[in-house]
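Just below is one structure, and these are the notes that go with it.
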Amino acid sequence: MKHRPTTFLATVLPPAVALIVVLAAIEAWARWTHQPAYLVPRPSTIFLALGPGGSALWNALLWTAVASLAGFAVSTIFGIFAAILLAGSKWVRRAVYPYTLFFQTVPIVAIAPLLVFWMGVGIVPVATCAFVVSVFPVIANTLSGLVSTEPALVDLFRLYGASRFASLWKLRLPAALPNIFTGLRIAAGLAVIGAVVAEFLVGTLGEHEGLGVRIVENTKYAYPDRVFAAVLLASFLGLAMFAAINFIAFFSLRRWHASQ
Amino acid sequence: MSERLLKRFDRTDRARNEQHVTPKAHFSMKDHALGLTMLPMLQKPSHHRESGLGVRIEGVRRQFENGVVALDGIDLNVASGEFLAILGPSGCGKSTLLRLIAGLDKPQGGNVFTMEASHGRADRHGLGTRADIAYVFQDAHLLPWRNVLANVALPLELMGIERKVREESALRAIEQVGLGDAADRYPNQLSGGMRMRASLARALVTEPRLLLMDEPFAALDEITRQRLDDQLRALWAALNMTVIFVTHSTIEAAFLAQRAIVLSSRPARIVEDYTLNLPAERTGSIRSSPAFARETRVLYQALERNEV
Ligand SMILES: Nc1ncnc2c1ncn2[C@@H]1O[C@H](COP(=O)(O)OP(=O)(O)OP(=O)(O)O)[C@@H](O)[C@H]1O
Ligand SMILES: [Mg+2]
């Protein structure tokens with residue numbers, strides 16, 4: 001831990017430098033070759049779009065953040081519970097698990113309008129899309145963690161007459177934690193994508209003013225810098241959620257898991 | 001042993017003994033070999049239950065779902081308080097046998113009984129033997145997210161014993177195996193030998209009457225293994241338990257056990273049942289004695305005979 005400052009700089013500095021170099025190159029190239037601004041927005045104008053006067057975008061970020069977090073939270077709870085049920089019985093697993101794949105394969109573009117039909121407009125269908133898109137990795141990873149508990153430890157718990165609940169709570173769930181976090185990391189990014197796509201499709205129908213809505217709008221009125229700024233914010237939202245999960249994973253696993 | 005735990009044990013003991021009136025034997029041959037003066041912390045309260053569980057195996061057969069017959073018609077009696085070593089080629093069915101004895105697996109044919117010492121009343125599994133049997137695996141298999149203390153206390157925790165009591169017992173077991181100063185360390189901060197000690201402490205914490213060990217020290221270096229063997233032998237002498245110990249090492253078997261059986265390759269049959277002719281008092285130095293060399297040779301030859 002004493003090397004922390006070094007490792008922090010070592011993680012943050014190289015990608016930051018790389019980003020600045022790339023952005024500067026695009027800026028220079030766009031200016032020198034006189035690319036029209038509506039085709040290639042200057043990185044500088046994208047940043048300006050987020051400055052004063054860009055409050056609509058920051059507001060949109062808030063909407064999208066709430067919707068993705070809600071969807072992600074439901075994914076986490078529902079996904080872990082579903083995995084526990086599936087892990088509990090081989091027959092339930094065989095019967096039901098194939099259908100959870102629908103979450104993965106469903107064309108979200110097609111069902112988003114249906115969700116509006118069922119749930120009305122606003123944040124609910126958007127959060128639901130975030131959930132639908134992000135739940136499968138939680139189920140799949142948690143399940144694979146729960147069913148691969150070390151057999152000797154399962155024997156040990158049986159030997160001392162542990163209840164099913166004790167085996168789950170004291171052995172199988174903690175042993176599956178690294179897998180659960182893997183699932184959550186994937187789900188975090190997907191939840192944001194799911195929310196933005198839903199906003200894109202159905203957000204304009206209601207008073208939900210998320211980033212997807214702004215993207216549609218600004219595309220229509222040809223403000224590519226604002227479109228890019230919105231995309232940037234959405235990506236950072238996904239990154240922030242990912243980082244938060246890594247942070248929690250680090251503190252819950254560092255004492256015992258080799259990954260930390 | 002603290003009050004509550006003792007009561008627990010006493011209650012189960014009474015239940016176990018209610019059908020007979022034989023007074024508890026307070027003397028066994030092992031007492032000569034105690035070396036208790038060297039290990040004062042091992043002394044037990046005088047009212048502790050008397051003896052290890054015996055095991056009777058009759059014509060046991062175990063065939064796996066894939067058709068492999070691991071055991072076919074094994075008969076074996078293990079006396080209460082005995083230290084039995086099991087030797088045999090890899091994959092012959094030793095672990096299978098141990099799991100059957102522990103009640104972790106069921107045979108397709110035959111019977112496995114555990115027995116009280118004084119009257120030979122056989123007890124089928126699942127009746128009152130839970131806390132009486134402990135199992136040590138080839139790897140330590142500690143829970144990596146728990147420190148040594150919480151790992152060692154786990155069996156008592158699963159049996160529903162309250163925290164203060166189980167932690168006291170766990171600390172005592174940790175002392176017994178010489179891990180006293182590592183109680184709050186996590187498994188990944190321990191050496192392989194220390195992990196194995198913790199695993200042994202976890203097995204001892206319930207004061208088992210039958211300790212099953214499946215090649216427990218096989219992954220350790222020679223010195224560490226010998227040190228643990230020495231300690232195990234002393235613990236066995238002090239703790240009134242039956243030990244069944246699977247090993248690939250004839251030296252380890254000869255040093256630890258009173259009796260060794262050698263199994264043939266699959267399906268396992270007992271091809272040699274040998275009572276070791278060595279003094280009950282076994283310290284490290286016995287390993288270099290001529291008698292010891294002779295006894296290991298007997299075991300080695302038995303192994304070799306059926307290896308081909
Ligand atoms: N659950 C199982 N399903 C199918 N076959 C099994 C199973 N468990 C063990 N076997 C097979 O049964 C045989 C005996 O296995 P066992 O683990 O008892 O051997 P072992 O004597 O302990 O071997 P080792 O010395 O390598 O530990 C082996 O051939 C093994 O492949
Ligand atoms: Mg084995």
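The values are calculated or read from the model by the stated rules, or taken from the named source; none is laboratory data. Keep in mind that this is a model prediction, so the values were computed, not measured. Don't worry about glycine lacking a Cβ; one is built from the backbone with ideal geometry, like all the others, and counts go over all protein chains shown. All accessible areas refer to the heavy atoms of the entire protein, side chains included, with ligands and DNA or RNA removed. Shrake-Rupley method; radii C 1.70, N 1.55, O 1.52, S 1.80 Å.
Starting from segment A:78-97, keep only residues that are closer than 14 Å to residue A:145 by Cβ and modelled with pLDDT of 95 or more, then list their pairs with residues that are among the small types (Gly, Ala, Ser) and surrounded by 14 or more Cβ atoms within 10 Å (Cβ to Cβ) whose Cβ atoms are within a distance under 7 Å, requiring at least 6 positions of separation or different chains. Qualifying pairs under 7 Å: A:79/A:183. Residues that are near ligand 1 (Cβ under 9 Å from one of its atoms), within 16 Å of the chain's Cα centre (by Cα) and at pLDDT 85 or above: does segment B:102-117 have at least one? No. The listed residues are B:223, B:174, and the only one of them that is of a type outside the set (Lys, Arg), touching a helix residue (DSSP H, G or I) at 6+ places or on another chain (Cβ under 7 Å) and more than 16 Å from ligand 1 (Cβ to nearest atom) turns out to be B:174.
The one condition from (1) in contact (Cβ under 8 Å) with a residue 12 or more places away in the chain; (2) surrounded by fewer than 21 Cβ atoms within 10 Å (Cβ to Cβ); (3) not in a helix (DSSP H, G or I) that residue A:177 does not meet is (3).
Of the residues that make up segment B:232-250, is at least one among the charged types (D, E, K, R) and within 14 Å of another protein chain (Cβ to nearest Cβ)? No, there is no match, as no residue in segment B:232-250 is among the charged types (D, E, K, R) and within 14 Å of another protein chain (Cβ to nearest Cβ). Output yes when any residue across segment B:200-213 is within 16 Å of ligand 2 (Cβ to nearest atom) and more than 10 Å from chain A (Cβ to nearest Cβ), and no when none is. Yes, some residue in segment B:200-213 is within 16 Å of ligand 2 (Cβ to nearest atom) and more than 10 Å from chain A (Cβ to nearest Cβ). Scanning segment B:91-106 for residues that are more than 14 Å from every other protein chain (Cβ to nearest Cβ) and open to solvent by 40 Å² or more (accessible area, probe 1.4 Å) returns a single hit, B:91. No other residue among B:273, B:229 is away from chain A (no Cβ under 14 Å), in contact with a Phe, Trp or Tyr (Cβ under 7 Å, 6 or more places away or on another chain), of a type outside the set (A, V, I, L, M, F, W, C) and away from ligand 1 (no atom under 16 Å from the Cβ) apart from B:229. Among the residues of segment B:246-266, the one identified as buried (at least 22 other Cβ atoms within 10 Å of the Cβ) and among the charged types (D, E, K, R) is B:252.
Reported count of residues in segment B:147-163, each being part of a helix (DSSP H, G or I) and free of Cβ contacts under 8 Å to residues at least 24 places away in the same chain, is 4. Scanning segment B:185-194 for residues that are away from chain A (no Cβ under 13 Å) and either open to solvent by 40 Å² or more (accessible area, probe 1.4 Å) or within 16 Å of ligand 1 (Cβ to nearest atom) (or both) gives B:191, B:194. Within segment B:141-175, restricting attention to residues that are among the aliphatic types (A, V, I, L, M) and within 11 Å of chain A (Cβ to nearest Cβ), the residue that is surrounded by the fewest Cβ atoms within 10 Å (Cβ to Cβ) is B:159.
Scanning segment A:242-260 for residues being polar (S, T, N, Q) and loosely packed, with under 13 Cβ neighbours inside 10 Å gives a total of 1. Residues that are of a type in the set (Asp, Glu) and free of Cβ contacts under 8 Å to residues at least 40 places away in the same chain within segment B:239-287 comprise B:272, B:273, listed in sequence order.
Return a yes/no flag: does segment A:22-37 have any residue that is within 28 Å of the chain's Cα centre (by Cα) and open to solvent by 70 Å² or more (accessible area, probe 1.4 Å). Taking every residue of segment A:22-37 in turn, at least one turns out to be within 28 Å of the chain's Cα centre (by Cα) and open to solvent by 70 Å² or more (accessible area, probe 1.4 Å). Considering only residues in segment A:99-125 that are free of Cβ contacts under 8 Å to residues at least 24 places away in the same chain and open to solvent by less than 70 Å² (accessible area, probe 1.4 Å), the one that is farthest from residue A:164 (Cα to Cα) turns out to be A:110. Scanning segment B:68-78 for residues that are more than 13 Å from ligand 1 (Cβ to nearest atom) and either buried (at least 18 other Cβ atoms within 10 Å of the Cβ) or at pLDDT 90 or above (or both) gives B:75, B:76, B:77, B:78. For segment A:135-154, the set of residues classified as facing another protein chain (nearest Cβ under 10 Å) and open to solvent by less than 20 Å² (accessible area, probe 1.4 Å) consists of A:152, A:153, listed by residue number. Contact annotation: residue pairs with Cβ atoms under 6 Å, 6 or more positions apart or on different chains, pairing a residue in segment B:203-228 that is in contact (Cβ under 8 Å) with a residue 24 or more places away in the chain with a partner that is within 14 Å of ligand 2 (Cβ to nearest atom) and open to solvent by 30 Å² or more (accessible area, probe 1.4 Å), are B:214/B:95; B:214/B:138; B:215/B:138; B:218/B:138.
Just to check your reading of the model, which residue among A:93, A:158 is under 22 Å from residue A:81 (Cα atoms), assigned to a helix (DSSP H, G or I) and charged (D, E, K, R)? Only one candidate passes the filter, namely A:93. Evaluated against (1) open to solvent by 20 Å² or more (accessible area, probe 1.4 Å); (2) in contact with a helix residue (DSSP H, G or I) (Cβ under 6 Å, 6 or more places away or on another chain); (3) under 23 Å from residue A:79 (Cβ atoms); (4) within 14 Å of chain B (Cβ to nearest Cβ), residue A:162 falls short on exactly one condition, (3).
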